[in-house]
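Let me begin by presenting the structure, written as structure tokens, before commenting on it.
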Amino acid sequence: MSTVASSNDTQGAQFVNIAAYKFITFNDLEEQRPRYQEICARLGLKGTILLTPEGINMFLSGTRANIDEYLAWLRQDARFTDIEVKESLSAEQSHKRMLVKIKSEIITMRMPLIKPEEGRAPHVEAKTLKRWLDQGHDDNGKPVVMVDTRNDFEVDVGTFDNTVDYRIRKFTEFPAVIEEHKADFEGKTVVTFCTGGIRCEKAAIHMQNIGYDNVYQLEGGILKYFEEVGGAHYTGDCFVFDYRTALNPKLEPTETVQCFNCRAVVTPREQLSPLYVYEKSCPHCAEQANVSAADDASHAAA
């Protein structure tokens, strides 16, 4: 079973989980890293902070008082006074350790011409997007097409209805596939989305750069959409990269887990299989083993 609270336990939630990012020139990474390490250790926060030349990305879990103290400290830096934060609650901390890393990109895309701080792609707020989806078109009468920029296993946990999903395995595959399918979106309004807004922001800027005329990013991603309008036009849950694995539209942890062995997403129904052994194996492991055995037999026969 999941190591954090199920959806029935959030009334007793003691921990606040925050996700936030901002694209901004960040040149003093080595100097800032120990400062972030110190305050997170002092406040007992768990999670990950990525410090990069293009900005900051963070997922943190702690008590309300300590999260508030951390955010007050962070916003003393003029670069982050206006940083937007998405919140959810859980009965246990959603991460088990605290890491502050220096990386080259907030999210790896390998497209050096993309500099979001120099100008964002147009964004659409959650309430506006819901209205567009309710009416079947944007405010100019153009049909709206949702494009999921997440990896295939995340999409399988849940996504917007009738979304375009290219089954990418990693975000670096997105630029090529979206350029290949450019003609599919002529005359339409495209809305890119992801979990918290980072990937869809980079994706929308890239799409503008290669000639897409009418593309938006979903401001704050799926988590902000859930927070502001719930699960309208969305089926399933939202995969998150922590011990909760997935959140429902009420931002509550679900019973979906990740396999300890192969890291595949295991749904509650799949957990009923005799092939699912907690922290050992799952039906996906068995499937992978069967494929490997079949390959070995084929090579042996050859």
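Checked against (1) touching a strand residue (DSSP E or B) at 6+ places or on another chain (Cβ under 8 Å); (2) surrounded by fewer than 24 Cβ atoms within 10 Å (Cβ to Cβ); (3) touching a residue at least 60 places away in the same chain (Cβ under 8 Å), GLU228 meets all criteria but (1). Restricted to helices (runs of 4 or more DSSP H) entirely inside segment 104-188, those with at least 2 residues that are closer than 21 Å to ASN209 by Cβ, over 17 Å from the mean Cα position of the chain (by Cα) and in contact (Cβ under 8 Å) with a residue 12 or more places away in the chain are 174-180. Within segment 42-89, the set of residues being touching a strand residue (DSSP E or B) at 6+ places or on another chain (Cβ under 9 Å), assigned to a loop (DSSP other than H, G, I, E, B) and of a type in the set (D, E, K, R) comprises GLU54, ASP82, GLU84.
Is it true that PRO122 is at pLDDT below 95 and exposed (fewer than 11 other Cβ atoms within 10 Å of the Cβ)?
Spelling it out, it is not the case that PRO122 is at pLDDT below 95 and exposed (fewer than 11 other Cβ atoms within 10 Å of the Cβ).
Hey, any hits in segment 92-101 for a residue that's polar (S, T, N, Q) and within 19 Å of the chain's Cα centre (by Cα)? Yes, segment 92-101 contains at least one residue that is polar (S, T, N, Q) and within 19 Å of the chain's Cα centre (by Cα).
If only residues of segment 93-117 that are farther than 15 Å from ILE198 by Cα and at pLDDT below 90 are counted, the one that is surrounded by the most Cβ atoms within 10 Å (Cβ to Cβ) is PRO112.
The values are calculated or read from the model by the stated rules, or taken from the named source; none is laboratory data. Note that this is a predicted model, so its numbers are computed, not measured. Here Cβ is always computed from backbone atoms with ideal geometry, including for glycine, and neighbour counts include all displayed protein chains.
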